[in-house]
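The values are calculated or read from the model by the stated rules, or taken from the named source; none is laboratory data. As the structure is a prediction and not an experimental result, all values here were calculated from the model. Here Cβ is always computed from backbone atoms with ideal geometry, including for glycine, and neighbour counts include all displayed protein chains.
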């Protein structure tokens, strides 16, 4: 007990630094995102649909194979025409994941209950050595 009292500052520093080391892992584990490997499973086994919310120029430069391009600004109007079945898993993709996270709320509001974001966006897809198509 005397050790704890005499060294409370060292113990506090150890706890804080341990928490800081665990923060990225804890943060990654939360949310509605899906890793690239999980997205492949959704696409192949559950007929998941990939919607790229990038602008047409970015989409033409490279996109997930078989994805549909619905720019973020037009998502509310065009998503119901692009993906008619609201029961299938919907995977939202952009370059880094930021725009896809914004698109997630819109997709859920439109009734796509299985909508998810590809964590890390197209960048993580490329890092996983998964195929990219160019227009």
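Overview of results
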| quantity | calculated |
| --- | --- |
| Residue within the range 47-56 that is over 17 Å from residue 116 (Cβ atoms), modelled with pLDDT of 95 or more and in a helix (DSSP H, G or I) present | yes |
| Residue satisfying all of: in the range 96-135; part of a loop (DSSP other than H, G, I, E, B) and buried (at least 18 other Cβ atoms within 10 Å of the Cβ); farthest from the chain's Cα centre (by Cα) among these | 112 |
